[in-house]
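In what follows, a structure is listed as structure tokens, so that the remarks can point back to it.
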Amino acid sequence: MQYRVEQLAAAAHVRVDTIRFYQAKGLLPRPRRIGRHAVYTDGHLNRLRRIRRLQRQGFSLTVIRRLLGPRTRGTGAALLRALAEERGDRTLSRSDLAVEAGVPESLIAAVEDAGIVEPLRVGARPRYGTLDVEMARAALGILNEGLPLPSLLALAIRHAENVRDVVDEAIALFDRHVRRDRSGAERDPAEVVAAFRRLLPAVTALVAHHFQRTLIARAIARLERAGDAAGLRHALAAADAGRLEIAWR
């Protein structure tokens with residue numbers, strides 16, 4: 001089927017200016033010219049729908065260009081899709097997240113500005129997923145225990161900075177030893193994504209368990225140094241009885 005630009009915009013539920021913007025960015029092929037008229041096809045319509053769907057999932061236009069490029073079957077594109085799926089099947093605005101998690105939007109904005117969380121962005125707008133709802137609810141639960149927000153934010157900022165450094169090294173390690181073989185060639189995308197899906201819950205559980213065990217060990221050591229026999233007895237009982245359950249979708 002053939003379309004004029006206005007017809008294509010109506011079929012894709014976008015503005016004509018949006019189509020021209022995508023063309024200028026190299027996301028949408030230019031139309032054929034028949035006389036003085038630009039003619040689009042179903043291929044353009046399908047491409048527009050894919051672009052809009054990827055935007056709703058939180059991908060930037062730069063990433064979408066890579067996903068729709070000639071090397072779409074590469075491991076990079078496959079991993080990008082897998083990463084997007086791990087964030088959850090929904091895309092929420094900051095106000096949506098605040099309502100669903102029961103957290104003030106101003107607090108989410110403060111945490112974001114501090115670099116503690118890094119939402120996906122569609123243009124300049126931050127977008128969140130299902131996992132962010134769970135994190136916000138957990139953070140609210142911690143605040144409800146009476147811990148002061150400024151002190152918690154300071155700790156969270158220090159933690160986020162250290163985590164970013166460790167994660168960058170972990171990604172480089174994955175790239176060298178999982179995504180590529182010993183010769184440096186990229187492995188089959190399906191195999192790499194399968195390995196990623198196996199590693200992510202394992203690493204998540206390992207990090208969470210390590211944090212819990214370290215926290216308990218150092219808390220007990222502090223009680224011992226303080227000579228708090230009653231507190232130490234209760235802490236040991238709780239450590240023996242408690243088990244951290246890590247759930248990953």
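So, in the range 156-173, how many residues would count as being of a type in the set (D, E, K, R) and either in contact with a Gly (Cβ under 8 Å, 6 or more places away or on another chain) or not in a helix (DSSP H, G or I) (or both)?
Residues of the range 156-173 that are of a type in the set (D, E, K, R), as a first pass: 158, 161, 164-165, 168-169.
Still in the running and either in contact with a Gly (Cβ under 8 Å, 6 or more places away or on another chain) or not in a helix (DSSP H, G or I) (or both): 161.
Adding up the residues that qualify gives 1.
Would you pick out the residues in the range 65-104 that are touching a Pro at 6+ places or on another chain (Cβ under 6 Å) and modelled with pLDDT under 85?
Of everything in the range 65-104, those that are touching a Pro at 6+ places or on another chain (Cβ under 6 Å) and modelled with pLDDT under 85 turn out to be T75, A78.
For the range 189-199, does any single residue satisfy the condition of being modelled with pLDDT under 85, assigned to a helix (DSSP H, G or I) and farther than 27 Å from N162 by Cα?
yes
Scan the range 1-60 residue by residue and report those that are among the β-branched types (V, I, T), touching a residue at least 24 places away in the same chain (Cβ under 8 Å) and within 24 Å of L120 (Cα to Cα).
V14, I19, I51
If only one of A154, A221 is within 30 Å of I108 (Cβ to Cβ) and small (G, A, S), which one is it?
Just one listed residue meets the conditions, A154.
Quick grid of which residues meet (1) closer than 30 Å to E118 by Cβ; (2) crowded, with 16+ Cβ neighbours inside 10 Å; (3) in contact with a Phe, Trp or Tyr (Cβ under 6 Å, 6 or more places away or on another chain):
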| residue | (1), (2), (3) |
| --- | --- |
| A9 | no, yes, no |
| V16 | no, no, no |
| F21 | yes, no, no |
| G26 | yes, no, no |
| R32 | no, no, no |
| G35 | no, no, no |
| Y40 | no, yes, yes |
| Q55 | yes, yes, no |
| F59 | yes, yes, no |
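Results for (1) closer than 25 Å to Q55 by Cα; (2) of a type in the set (A, V, I, L, M), shown as yes or no for each residue.
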| residue | (1), (2) |
| --- | --- |
| L131 | yes, yes |
| E134 | yes, no |
| R137 | no, no |
| N144 | no, no |
| P150 | no, no |
| V163 | no, yes |
| V166 | no, yes |
| I171 | yes, yes |
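What are the residues in the range 123-148 that are touching a residue at least 40 places away in the same chain (Cβ under 8 Å) and assigned to a helix (DSSP H, G or I), if any?
T130, L131, D132, V133
Looking only at the range 192-222, count how many residues are touching a residue at least 40 places away in the same chain (Cβ under 8 Å) and more than 18 Å from the chain's Cα centre (by Cα).
Of the residues in the range 192-222, the ones touching a residue at least 40 places away in the same chain (Cβ under 8 Å) are 192-193, 196-197, 200-201, 204-205.
After this cut, where a residue has to be more than 18 Å from the chain's Cα centre (by Cα) as well, the list is 192.
Qualifying residue count for the region: 1.
Just for the range 105-122: of the residues that are under 17 Å from the mean Cα position of the chain (by Cα) and without any contact (Cβ under 8 Å) to a residue 12 or more places away in the chain, which one is nearest to T62 (Cα to Cα)?
Taking the candidates together, the pick is E118.
Conditions tested, residue by residue: (1) closer than 16 Å to R65 by Cα; (2) among the hydroxyl-bearing types (S, T, Y).
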{"site": "Q2", "(1), (2)": "no, no"}
{"site": "V5", "(1), (2)": "no, no"}
{"site": "H13", "(1), (2)": "no, no"}
{"site": "Y22", "(1), (2)": "yes, yes"}
{"site": "R36", "(1), (2)": "no, no"}
{"site": "L48", "(1), (2)": "yes, no"}
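Among the candidates S183, S106, S151, which residue alone is of a type in the set (S, T, Y) and not in a helix (DSSP H, G or I)?
Selected residue: S183, the only one of S183, S106, S151 that is of a type in the set (S, T, Y) and not in a helix (DSSP H, G or I).
Checking H177 against (1) modelled with pLDDT under 90; (2) more than 22 Å from the chain's Cα centre (by Cα): exactly one of these is not met. Which one?
For H177, the failing item is (1).
Restricting to the range 225-249, name every residue that is exposed (fewer than 13 other Cβ atoms within 10 Å of the Cβ) and either farther than 30 Å from L173 by Cβ or modelled with pLDDT of 80 or more (or both).
R225, A226, G227, A229, A230, R233, H234, A237, A238, D240, A241, G242
The values are calculated or read from the model by the stated rules, or taken from the named source; none is laboratory data. Nothing here was measured: the structure is a model prediction, and the numbers come from that model. Here Cβ is always computed from backbone atoms with ideal geometry, including for glycine, and neighbour counts include all displayed protein chains.
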